[in-house]
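Q: Mind having a look at this structure? Questions to follow.
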Amino acid sequence: MEVMDYAFFPTRVVTIQFPVTDTLNAELCDLLERRPELDDRSNMHPDALNLLRLAETVPAIQELRSMFLTGVKHWLEAEGIAGPEGIDLLLFSNRMVQGESTMVHNHPADLIGIYYACTAASARQPIHPADGEDYFDAGDGVLLLHDPRFNANLTSVCHRDHVKVVPRPGLMLIFPAYVWHSVTPHRGDFCRLAFSMNFTLRWPAGPEEYHALK
């Protein structure tokens, strides 16, 4: 398992390349093919359909849940965050047919995880220096992470106002939910399949006097 830790904008982004995921990815793709009602690609409010309700009966979903928890633990450790008493999880899918894309958006959560089950093949690293890279070069189903600092692209001291992530099967990303992101059009003649996890951290309530009405 290869874990990489980046700090862009500065924004902590953790990538994990899981090894030997062919069987898992095939099972996830087959699940969405057999259960089209689980496809949540057009729903920008995915809380209506949490795929984790299938974890007890679908081993692939249970395994994916475990992988996402591994990812979020790496992110929290890298950022030096400790102390949450729990994490609320919301899992949903994103299937794309040829020509489809995802608009710029963020998520109503603390952190986002993305796992790629089926994507176009690529020999390059998922994230590499963007020097000289054209923002408007769409690529094929590329994930764009946008600098959350207002008008950062207008400053001469900013060397990077976006990050392009080239997906590949078995790759997971974890980053803050406030980061606006989008996906460029999928060019392949197959269904591109990704899964997103919303993580909402729960914190101890603290001493009672902090919450008492005066």
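The values are calculated or read from the model by the stated rules, or taken from the named source; none is laboratory data. None of these values were measured; they are calculated from a predicted model. Positions of Cβ are generated from backbone atoms using ideal geometry, with glycine treated the same way; all protein chains shown enter the neighbour counts.
Q: Test GLY71 against the criterion of being crowded, with 19+ Cβ neighbours inside 10 Å and under 18 Å from PHE175 (Cβ atoms), and give yes or no. Spell out the reasoning first.
A: On the way: crowded, with 19+ Cβ neighbours inside 10 Å: yes; under 18 Å from PHE175 (Cβ atoms): yes.
Considered against the rule, which asks whether it is crowded, with 19+ Cβ neighbours inside 10 Å and under 18 Å from PHE175 (Cβ atoms), GLY71 comes out as yes.
Q: Would you check which residues across region 90-122 are buried (at least 19 other Cβ atoms within 10 Å of the Cβ), in a strand (DSSP E or B) and not polar (S, T, N, Q) and list them?
A: LEU91, PHE92, ARG95, MET96, LEU111, ILE112, GLY113, ILE114, TYR115, TYR116, ALA117, CYS118
Q: Of everything in region 48-62 that's out of contact with any Leu (no Cβ under 6 Å at 6 or more places or on another chain) and in a helix (DSSP H, G or I), which residue is farthest from LEU91 (Cα to Cα)?
A: Going through the qualifying residues, I end up with PRO59.
Q: What is the one condition in (1) surrounded by fewer than 16 Cβ atoms within 10 Å (Cβ to Cβ); (2) of a type outside the set (S, T, N, Q); (3) in a strand (DSSP E or B) that VAL14 does not satisfy?
A: Tallying (1) surrounded by fewer than 16 Cβ atoms within 10 Å (Cβ to Cβ); (2) of a type outside the set (S, T, N, Q); (3) in a strand (DSSP E or B), VAL14 fails exactly one: (1).
Q: From the list LEU38, LEU31, which one is within 25 Å of HIS105 (Cβ to Cβ) and either surrounded by 18 or more Cβ atoms within 10 Å (Cβ to Cβ) or modelled with pLDDT of 95 or more (or both)?
A: Details: LEU38 fails: either surrounded by 18 or more Cβ atoms within 10 Å (Cβ to Cβ) or modelled with pLDDT of 95 or more (or both).
Checking each option against the conditions leaves just LEU31.
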